[in-house]
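S.K.: Quick one: this structure, given as structure tokens, is what I'll be asking you about.
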Amino acid sequence: MFVTHQASLFDVEPSGPTIGDLACAITRTQLSAGAWVDHAPGWVAGSEDLFSDLVHNVAWRSDRRPMYDRVVDVPRLLCFYDAADPLPNPLLAQARSLLSEHYANELGEPFTTAGLCLYRDGSDSVAWHGDTIGRSRTADTMVAIVSLGDARPLLLRPRAGGATLRFQLGHGDLLVMGGSCQRTWEHAVPKTNRAVGPRISVQFRPHDVR
Ligand SMILES: O=C(O)CCC(=O)C(=O)O
Ligand SMILES: [Fe+2]
């Protein structure tokens, strides 16, 4: 495989990965315009095994997209699992069920799809955007992100202008964007010159939200 990753000393559990109790772990930050973020650092403990399973066994593909007068590689590898597709590791199915259960009342529907991104190094990134394809263009919803591998900052900024928030995400952390967040805020994972190892982001979304 093309990526190398050094296991974090703090992240290797002899018993393998385990998922924590969401109710105790989450801190909510209320944002402007009806948006919010929930953050649970280290939600998946011992996530190193899960990370290395996904790095090696997911059918990662690179996407290309038009930019100005050229077609360029999207700077990260991707794999998308629709609601009916089996997830590549049982822990992801468990995470999705726990998230669906925890947010059932507030979200009113389960998380169904899983989008996986692999940031191979600091030159992989995602530019400022909201996940506004589908119902999230017009309605409140949630996008739940589980981060594995090396930490990278996920930035959030209000579309109306204002200060940028920064969440350093990796090593089993959970971040959930909710309310109007996809419409009224944008998020990004910027490139960095720092030496960073690979990171995997798993995004769980409800039906017809991308
Ligand atoms: O890397 C992340 O956690 C964010 C990915 C993202 O925003 C997206 O794929 O829509
Ligand atoms: Fe996104």
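The values are calculated or read from the model by the stated rules, or taken from the named source; none is laboratory data. The shown structure was predicted, so the numbers you read here are calculated from the model rather than taken from an experiment. We place every Cβ from the backbone using ideal geometry, glycine too, and count neighbours over all the protein chains shown.
S.K.: From (1) at pLDDT 90 or above; (2) over 20 Å from F204 (Cα atoms); (3) loosely packed, with under 13 Cβ neighbours inside 10 Å, pick out the condition that doesn't hold for D21.
M.R.: Failed condition: (2).
S.K.: Quick one: count up the residues across the range 28-69 that are among the basic types (K, R) and either buried (at least 18 other Cβ atoms within 10 Å of the Cβ) or in contact (Cβ under 8 Å) with a residue 12 or more places away in the chain (or both).
M.R.: The number of residues fulfilling the criteria is 1.
S.K.: Hey, among F51, F2, F10, which residue is part of a helix (DSSP H, G or I), under 27 Å from G197 (Cα atoms) and modelled with pLDDT under 95?
M.R.: Only one candidate qualifies: F10.
S.K.: Please go through the range 126-153 and give me each residue that is within 12 Å of ligand 1 (Cβ to nearest atom) and without any contact (Cβ under 8 Å) to a residue 40 or more places away in the chain, ordered by number.
M.R.: P153
S.K.: So which residues in the range 158-178 are more than 22 Å from L54 (Cβ to Cβ) and either buried (at least 16 other Cβ atoms within 10 Å of the Cβ) or not basic (K, R) (or both), if there are any at all?
M.R.: Across the range 158-178, the qualifying residues are P158, A160, G161, G162, A163, T164, L165, G178.
S.K.: Something else: Out of curiosity, is A139 closer than 26 Å to T27 by Cα, surrounded by fewer than 17 Cβ atoms within 10 Å (Cβ to Cβ) and more than 13 Å from ligand 2 (Cβ to nearest atom)?
M.R.: In short, yes.
S.K.: Could I ask something else about it? How many residues, within the range 162-194, are in contact (Cβ under 8 Å) with a residue 40 or more places away in the chain and either among the hydrophobic types (A, V, I, L, M, F, W, C) or within 12 Å of ligand 1 (Cβ to nearest atom) (or both)?
M.R.: Matching residues across the range 162-194 total 15.
S.K.: Answer with yes or no whether R183 is crowded, with 16+ Cβ neighbours inside 10 Å, in contact with a Phe, Trp or Tyr (Cβ under 6 Å, 6 or more places away or on another chain) and modelled with pLDDT of 95 or more.
M.R.: Judged against the criteria, R183 is not a match.
S.K.: Can I ask one more? Can you find even one residue in the range 174-194 that is outside any strand (DSSP E or B) and under 12 Å from the mean Cα position of the chain (by Cα)?
M.R.: no
S.K.: Sticking with this one: Out of the residues in the range 195-210 that are part of a strand (DSSP E or B) and under 19 Å from S136 (Cα atoms), state the one that is nearest to ligand 1 (Cβ to nearest atom).
M.R.: Only one residue tops the list, namely Q203.
S.K.: Still on this structure: I'm trying to understand the selection: among the residues of the range 100-132, which are hydrophobic (A, V, I, L, M, F, W, C), crowded, with 17+ Cβ neighbours inside 10 Å and within 16 Å of ligand 2 (Cβ to nearest atom)?
M.R.: Correct list: F111, A114, L116, C117, L118, V126.
S.K.: Considering only residues that are assigned to a loop (DSSP other than H, G, I, E, B) and either of a type in the set (S, T, Y) or under 14 Å from S201 (Cα atoms) (or both), which ones fall in the range 95-114?
M.R.: Y103, T112
S.K.: Out of the residues in the range 115-143 that are over 22 Å from W36 (Cβ atoms) and not in a loop (DSSP other than H, G, I, E, B), state the one that is farthest from the chain's Cα centre (by Cα).
M.R.: The qualifying residue farthest from the chain's Cα centre (by Cα) is A127.
S.K.: Residues that are within 14 Å of ligand 1 (Cβ to nearest atom), more than 22 Å from L54 (Cα to Cα) and in contact with an Asp or Glu (Cβ under 8 Å, 6 or more places away or on another chain): does the range 106-120 have at least one?
M.R.: no
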